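These notes are about the structure you will find just below.
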Amino acid sequence: KANHEFKNQLMVIRGYAQMNSPKLIEYLDSVIKDSKKTHSSYLISQLNKFPAGGIKGLLYYKLSTMDDENIKHELNVESGVKIRLDTLGTETYKNITKILGVLFDNAIDACKKSKEKKIIIDVVKKTNSVTFSIYNTYKGKIDMDKIGTGFTTKGFGHGYGLRLVKDIVENSNIFEIENSLEDEYYVTKLTIKTKNRQIKKKK
């Protein structure tokens with residue numbers, strides 16, 4: 001449907017261009033505005049796959065920050081994530097937002113310095129877990145041997161966020177964090193162990 005509509009819009013633009021019409025710029029601005037609305041609608045549909053509350057609000061805020069920093073971003077959330085996260089307690093949910101807050105901030109800071117400036121967020125569920133994968137572009141070289149030790153490339157006075165994450169993970173048995181390099185992306189994966197919600201069968 002989107003492809004069909006896009007072709008129609010191109011035909012209208014072509015017609016205006018042939019006429020050398022002053023309406024061409026006005027029409028192009030309208031098409032660009034509509035495309036932004038479509039992108040926004042898609043993000044909202046992805047955010048609605050989270051339970052109401054902290055994670056959804058945090059993601060919305062961080063995506064807005066990425067827009068302000070001219071960082072291209074994608075958010076892909078698998079169906080069923082909401083059901084998995086709904087099984088978690090309040091304290092666990094609060095710790096998830098703390099961890100994600102730090103991970104998103106680090107991804108944004110690293111991404112701002114890169115040439116490509118892109119962040120991809122994938123959220124998938126398994127039978128007893130949910131995994132947030134954050135892909136961000138970066139500048140320079142990264143020593144993977146130092147990652148996970150509280151090391152930061154930001155300089156003196158930083159790294160407290162990473163230590164906070166480390167403390168939460170070490171004092172819990174439901175969080176796992178993995179770091180890796182994939183192509184041009186630095187990847188952080190946060191896996192949260194969840195309960196398998198059983199659907200009661202009607203008698």
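The values are calculated or read from the model by the stated rules, or taken from the named source; none is laboratory data. Computed from a predicted model, the values in this text were never measured in an experiment. Quick reminder, even Gly has a Cβ in these numbers, built from the backbone with ideal geometry, and neighbours come from all protein chains shown. SASA here: full protein model, heavy atoms, side chains in, ligands and nucleic acids out. Shrake-Rupley method; radii C 1.70, N 1.55, O 1.52, S 1.80 Å.
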Which residues, counting only those in region 79-112, are of a type in the set (S, T, N, Q), farther than 14 Å from K56 by Cβ and not in a loop (DSSP other than H, G, I, E, B)? T90, T92, N95, N106
For region 77-116, which residues satisfy the criterion of being free of Cβ contacts under 8 Å to residues at least 60 places away in the same chain, open to solvent by 60 Å² or more (accessible area, probe 1.4 Å) and touching a helix residue (DSSP H, G or I) at 6+ places or on another chain (Cβ under 8 Å)? K94, D105
Quick check on region 155-181: of everything there that is modelled with pLDDT of 85 or more, in contact with a Ser or Thr (Cβ under 9 Å, 6 or more places away or on another chain) and not in a strand (DSSP E or B), which residue is nearest to I119 (Cα to Cα)? K166
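Inspect region 140-154 for any residue being under 16 Å from Y60 (Cα atoms) and either surrounded by fewer than 17 Cβ atoms within 10 Å (Cβ to Cβ) or at pLDDT 85 or above (or both) and give the result as yes or no.
Checked against the condition, which is being under 16 Å from Y60 (Cα atoms) and either surrounded by fewer than 17 Cβ atoms within 10 Å (Cβ to Cβ) or at pLDDT 85 or above (or both), region 140-154 yields no hits at all.
For I121, are the conditions met, namely being within 16 Å of Y61 (Cβ to Cβ), surrounded by 22 or more Cβ atoms within 10 Å (Cβ to Cβ) and touching a residue at least 12 places away in the same chain (Cβ under 8 Å)? Reasoning before the result, please.
Working: within 16 Å of Y61 (Cβ to Cβ): yes; surrounded by 22 or more Cβ atoms within 10 Å (Cβ to Cβ): yes; touching a residue at least 12 places away in the same chain (Cβ under 8 Å): yes.
Yes, satisfied.
Do any helices (runs of 4 or more DSSP H) lying entirely in region 1-76 carry at least 3 residues that are modelled with pLDDT of 85 or more and surrounded by 12 or more Cβ atoms within 10 Å (Cβ to Cβ), and which ones are they? Give the steps one after another, and end with the answer.
Numbers: elements: 2-19, 23-47, 54-68.
Once the helices (runs of 4 or more DSSP H) in region 1-76 are filtered for at least 3 residues that are modelled with pLDDT of 85 or more and surrounded by 12 or more Cβ atoms within 10 Å (Cβ to Cβ), what remains is 54-68.
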